[in-house]
Structure formats: structure tokens, C-alpha cells
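Participant: Next up is a structure, given as C-alpha cells.
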Amino acid sequence: MNPLPPDDSGSSEAEISDAFSPVDRSHRVVEDEDSLLMRAEMYQDYMKRLPIPTNRGSVIPFRSWVGLSNSIKELYGQPLHYLTNVLLQRWDQSRIGSDSEDQCLDSIIHPSKAEATIWLVEEIHRLTSSHHQIARLWGSDPMYHSFIDSIIPEPPSRT
Amino acid sequence: MVSIVVTMNPRPSDDSGSSKAEISVVEDEDSLLMRAEMYKDYMRRLPIPTNRGSLIPFTSWVGLINSIKELYGQPLYITFTNVLLQRWDHSRFGSDSEDQCLDSIIHPSRAEATIWLVEEILRLTSSHFQIARLWGSDPMYHSFIDSIINPEPPRT
């Protein structure tokens, strides 16, 4: 695996190359639709089979949704879905300018509720997303790979 | 219940036959921001229902949220929760399980729990700036939110 130059701000997750992200990011490669669709299908098939963890005892303090998701990924050793990562960043952004912006997020939303929400949302994304829609979203998001967690893929049987 | 009526941009009374696009006047930013703040304050105070016994069958997220709104008589956080649920319904198109009933994939109690958790998060943590920005880019919201915050003003 080739470590990638960390040119994405705030995305320490996608620095390790995985089967789903372009390795060479020194220039923007325009990906063709078929390739994108195929990778989205592989991705969705993989994510769909990942079981949602059931033994969740810890209470994880957090200051942001993205921060909580990083703790969760570490704790359970699982990636979260592209759609979940995008959503959580959106939730963090939607706090900007709110009265409670400076309050610790886990004093507003209890950590166990927050984690439960993430897993419920994750389950929906894993079980119901279509790879067509994912490919479409990736195609319109030049930074999509920064929302894809590194995955240890099966060695590809094709190049 | 909010009883203040914001009438910086007085609207024509409900003309049957006018499209929503005609009624939604382009609002200046301050007015939009003020209404977004009122809306957010209103939604923040709405308690999340606690006695949730029924299992609501559903075939789409938007369908479920409509049933929930009816059952509990609450306007769900139209701006963000609705957008998310529409996105979820849309993201099913073309999936293997597209023809399966959604409630056979996601149990109705989990689905409803998810909606309320998301709703609570958005009610408690969203900023009115974000709301105003979202509304500003979609005139359809104005008439919708209007009906929640401003009941029909008395005719003068």
C-alpha cells in the first residue's frame, strides 16, 4: 500500500491507499463512469456485509460528530460508510453559528444516544444504498475519496 | 406556541390557483435570518415524544415521516430531517433490495427511533444561519415554514 501525500485537510482516514481510491493524487484523474460504477458496486457489496457491532458498552466523550466517528472507527475497527461520513460532517457544519456552538457536543447529546444514532444511520446506509447512487455522488464530488475510510481489501483478482 | 407574526414582507392571501413559486416572495437576508431563528427556537422547545408504542409500517422514509407527523402531530424539523429522509429514499434507486419493502430491511421501531434521534440532534444543535442558508436556496420552504410559524394572519 502506498501512503498518500496528506493533501486533504482533515482527512487522516484516507491516507492509506485502498482498493477504492485512486492512488495517484498528484493530478486530478477524471474517472470514467464504468470504472466508478464498478468500484461503487464493490464498495457497497463490501459495506453491506459488514455486521453492525452489537456489544457496545463504552460511553465515548466527543466534541464533534466527525471526532466521535473517528473514535468509533478505532474502537470497533470498522470503517463507516461514505454516506455516514458525509452526513456527520454536515451535522458538524450545521452547528456553526448556533448558540450552543461553544458547548461541548456531548453535554447536549448524550454520548450513548450519539453513538446509537451513528450506528442506526450506518445500518441504513449499509443495507439500503444503491451503488448507482453512490457512483453518481462520487462522480459529482471531487473530494469523495476523503470520505472513504481505508479498508483492507481482498487482493484483487483483476488489475 | 409561537404567536408572533412576522410580516416584514406581507404576503398576498392564499390565492387558490397560484403556484407556490408565485407566492414565495424573495426575502431579504435579515428577514430570512430572523424567521430562521424563530423557527429554530420554536423547534428547539418542542419536546421529543416519549411514549412511542406503535409500530408504523412504511415503504419509504418520506412515507414514514408523514405517518409520524400525523401520529404525533408534530412538524418534524422540516428543513434538515426531511432533506435527509428524501436523500435516503433517493439513495435506494437501483439497489438490489429496491423492490423489497423498506420495513423488511429496517425494522419499523429502529426506523422510527432513528428519525427521532436525528430530529433531536437537529433541533438541539442546528444554527439558524444554516437553516436560513438552506431556505434561501429553495423558495418552496418559505411557504411551508410559513404555515408553521405564522398561522393565517387575520384579514385586515
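Values in this text are rule-based calculations from the coordinates and carry no lab data. None of these values were measured; they are calculated from a predicted model. With ideal geometry, Cβ positions are generated from the backbone for all residues, glycine too; neighbour counts draw on all protein chains shown.
Participant: I'd like to know which of A:V59, A:Y43, A:L137 lies farthest towards the positive end of the charge dipole of segment A:26-147, counting +1 on Cβ of Lys and Arg and -1 on Cβ of Asp and Glu.
Facilitator: In segment A:26-147, that residue is A:V59.
Participant: Related question: Quick one: Karplus J couplings for segment A:137-143, per residue in order, coefficients 6.51, -1.76, 1.60, θ = phi - 60°, nearest Hz, x for Gly and Pro?
Facilitator: 5, 4, x, 9, 10, x, 9
Participant: Check which residues have an amide H placed less than 5 Å from A:F62's amide H, if you skip close sequence neighbours.
Facilitator: A:D106
Participant: Next question, about the same structure. Quick one, what does Rg over Rh come out to for segment A:26-147 if you take C-alpha atoms and the Kirkwood Rh?
Facilitator: Values: Rg = 15.9 Å, Rh = 15.7 Å.
Answer for segment A:26-147: 1.01.
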